[in-house]
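Peer 1: This is the structure I have questions about; it appears just below.
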Amino acid sequence: MRVDGRAYRSIWLDPDGWSVRIIDQSRLPHRFEIVRLTSVADAADAIAGMQVRGAPLIGATAAYGLALGLRERPDDGGLDDAVARLRATRPTAVNLQWALERVGGTVRHLPPEERVQAAYREAVLIADEDVEQNRAIGEHGLALIREAAQRRDGAPVRVLTHCNAGWLATVDVGTATAPLYLAHREGIPLHVWVGETRPRNQGGALTAWELGHEGIPHTVIVDNAGGHVMQRGEVDLCIVGTDRTTGAGDVANKIGTYLKALAAHDLGIPFYVASPSSSIDWTLDSGDDIPIEERAAREVSHLSGATESGDLATVQVTAPGSPVGNPAFDVTPARLITGLITERGVAPSTRAGLARLFPDLADPSSEGSVAPSPVSVPG
Ligand code: MRU
């Protein structure tokens, strides 16, 4: 996507051919800074410290991080240490272990001297595939927005989203935002409600920044206002992202997603989850089994932002000494989800629905089975 007229991805290989560049998302929206990663420790710290975040980007960074780690130590011990170090950074987004298994599985059978180049090749493939998958998710989601636009008869389609499932959370294009970018380019009038997403404000800071750069009309609301705007009839559909979708369609996403899904369900508002196959954990049936990351208390007790003079500052907002809890994700049960927008079409949030689109992944023994036609609607 473009920032001030220049095209960026959220992660890319430096022209030196080995180091990795990222946009430091912990500084946005007030500072646009690019950081260079040169070691597995840099990559692990960038993920754990949320300079990069969002499930697909965490996966891509882990893939590049493994290549950096193998550059430092390509033997089996080096490979195992790098995988362990990266895997320990964030527990909920399944893309992390998916990417590590994919790159690790590709290089493990190779002699050490061939591992580095093979790991970079796989990391580049993962990044490029992510962009293509998001474009396809965009096309399938666009069909839903076109339908809503017909019902709106020229008035803006009102979409509510949560957290940041935009291009910053992926390698490019985004998942939940991909349909919005396509609809906007097609001239469909839109208005996006952006939940601020406490404690780290990925909605108010990152999604709003992205939409602003694309010229898409939007309004940031506090998370607690989501139910209210839906109740007032000001939301046509919700689209959010996922950190881990079980094979049966439960979805772990940023804390607060569940409450929005409950409100949408109560009010009969369609609630879609943009879910690339890299975020589906086929080994799980129940969202109860998804590990939920508990993050530092300081993210809740303190807020960071820019002062009126433009300096960055952090202030405490909770009563000093009060204990703080910070679960970073919650689980939205499949029954509250209207459909999962995948790169192969929109699936009902059921194991059978997902398996129909992904027979090769749901049951790897059926490899060679033909993927169904690109667009299918929830039934
Ligand atoms: O803690 P974060 O910022 O990594 O959480 C991000 C989300 O919850 C996103 O909605 C999810 O990763 C999907 S990103 C396409």
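Peer 1: How charged is the neighbourhood of LEU160? Take every other residue with its Cβ under 10 Å from the Cβ of LEU160, and add Lys/Arg as +1 and Asp/Glu as -1.
Peer 2: 0
Peer 1: About the Cα centre, and with charges only on the beta carbon of Lys, Arg (+1) and Asp, Glu (-1), how big is the dipole of the range 89-193? Nearest 20 debye, please. Don't skip to the end; give the middle numbers.
Peer 2: Working: 11 positive and 13 negative charges, 78 e Å.
In debye, rounded to 20, the range 89-193 gives about 380.
Peer 1: Looking at the range 136-357 only, what percent of DSSP beta bridges run antiparallel? Nearest 5 please. Let's see the in-between values first.
Peer 2: Working: 15 of 35 bridges.
Roughly 45 percent of the DSSP beta bridges within the range 136-357 come out antiparallel.
Peer 1: Go ahead and run the numbers for FRET between ARG87 and ALA155, Cβ-Cβ distance against an R0 of 51 Å, rounding to 0.05.
Peer 2: With R0 = 51 Å, the Cβ-Cβ based efficiency is 0.60.
Peer 1: Using the charge dipole of the chain (Lys, Arg: +1 at Cβ; Asp, Glu: -1 at Cβ; taken about the Cα centre), state which of PRO29, GLY59, ILE11 has its Cα farthest towards the positive end.
Peer 2: Result: PRO29.
Peer 1: Output the antiparallel fraction of DSSP beta bridges having both residues in the chain, as a percent to the nearest 5. Intermediate values should be presented prior to the final figure.
Peer 2: Working: 24 of 44 bridges.
If we restrict to bridges inside the chain, about 55 percent are antiparallel.
Peer 1: If you add up the charges near VAL346, with Lys and Arg at +1 and Asp and Glu at -1, over every other residue whose beta carbon is less than 15 angstrom from its beta carbon, what do you get?
Peer 2: 0
Peer 1: While we're looking at this one, here's another question. Under a point-charge model restricted to the Cβ atoms of Lys and Arg (+1) and Asp and Glu (-1), what is the dipole moment magnitude of the chain relative to its Cα centre, in debye to the nearest 20?
Peer 2: 700 debye
Peer 1: Please quote Rg/Rh for the chain to two decimal places, taking the Kirkwood radius as Rh and restricting both calculations to Cα atoms.
Peer 2: My calculation puts Rg/Rh at 0.96.
Peer 1: Which order do GLU101, GLU214 take by accessible area at a 1.4 Å probe, largest first?
Peer 2: On the way: GLU101 110, GLU214 40 Å².
Reading off the accessible areas and sorting them downward yields GLU101, GLU214.
Peer 1: Around TYR258, with a cut-off of 11 angstrom between Cβ atoms, what is the net charge of the other residues, counting Lys and Arg +1 and Asp and Glu -1?
Peer 2: Numbers: positive: LYS254, LYS260; negative: ASP250, ASP330.
Its environment carries a net charge of 0.
Peer 1: Residue farthest toward the positive end of the dipole of the chain, with Cβ of Lys/Arg at +1 and Asp/Glu at -1: which of MET230, ALA123, HIS162?
Peer 2: MET230
Peer 1: Using the Cα centre of the range 2-128 as the reference point, and only Cβ charges (+1 on K/R, -1 on D/E), how large is the resulting charge dipole? Debye, rounded to the nearest 20.
Peer 2: Numbers: 17 positive and 17 negative charges, 104 e Å.
Roughly 500 debye for the range 2-128.
Peer 1: Roll a 1.4 angstrom probe over the protein heavy atoms and tell me the percent of accessible area of the chain that is carbon or sulfur. Numbers along the way, then the final one.
Peer 2: Values: 7880 of 15380 Å².
Roughly 51 percent, rounded to a whole number.
Peer 1: Rounded to the nearest 0.05, what FRET efficiency is calculated for ALA297 and GLN117 with R0 set to 45 Å and r the Cβ-Cβ distance?
Peer 2: Efficiency for this residue pair is about 0.55.
Peer 1: If you build the convex hull over the alpha carbons only and average its shadow over all orientations, what do you get for the range 116-197? Give it in nm² to one decimal.
Peer 2: Numbers: hull surface 23.8 nm².
Averaging across all directions leaves 5.9 nm² for the Cα convex hull.
Peer 1: Could you pull the Cα extents of the range 136-357 along its three principal axes, largest to smallest, in whole Å?
Peer 2: That gives 51, 42, 34 Å along the principal axes, largest extent first.
Peer 1: Could you work out the relative contact order of the range 2-128? I mean the mean sequence separation of Cα pairs under 8 Å and 6+ apart, divided by the number of residues, in percent.
Peer 2: Relative CO of the range 2-128 lands at 22 percent.
The values are calculated or read from the model by the stated rules, or taken from the named source; none is laboratory data. These figures come from a predicted structure and were not determined experimentally. Cβ sites come from the backbone with ideal geometry, for glycine too, and all protein chains shown count toward neighbours. For the accessible areas, the whole protein counts, side chains as well, though only heavy atoms, and no ligand, DNA or RNA atoms are used. Shrake-Rupley method; radii C 1.70, N 1.55, O 1.52, S 1.80 Å.
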